[in-house]
Amino acid sequence: MGIDNIKFSKPGLAKWRHYRRSEDCFLVLRPDGSIYGQYTTLCEAASTVGRRQKEDDERARKTVRSCLCCQRQFQSEGIHNRLCDTCRRGGGEYNPHAVAPRNGRPR
């Protein structure tokens, strides 16, 4: 499939680009339009674009959120991450398994 198995951005959201400069030269452009690198094959250029775009997308998803349990601010990894580490591990006042155990049966 290529060098990497990369999750690509939606087509309209891609910022990093590559294009053919000559027969054996492909350029990778940063989001601001400056040149990031020069590659001899399309595969190398495309995998670099995919990696850099994935890193930018992950960086954009990370933000400071309030914990749904204790309301403290913490560095979230994305929309799926809504509990701080203390509450997720059950170290705080909240224990999710005390209310609903993992197997779903009441205690």
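The values are calculated or read from the model by the stated rules, or taken from the named source; none is laboratory data. Please read all numbers here as calculations on a predicted model, not as lab measurements. Neighbour counts run over all protein chains shown; Cβ positions are idealised from the backbone, glycine included.
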### Query
When you scan segment 28-58, how many residues do you find that are over 12 Å from residue 18 (Cβ atoms), free of Cβ contacts under 8 Å to residues at least 40 places away in the same chain and either of a type in the set (Gly, Ala, Ser) or not in a loop (DSSP other than H, G, I, E, B) (or both)?
4
### Complete set of residues in segment 13-68 that are surrounded by 12 or more Cβ atoms within 10 Å (Cβ to Cβ), under 30 Å from residue 87 (Cβ atoms) and of a type in the set (A, V, I, L, M)
none
### Query
Any idea which of 104, 33, 12, 2 is at positive phi, within 23 Å of the chain's Cα centre (by Cα) and at pLDDT below 85?
2
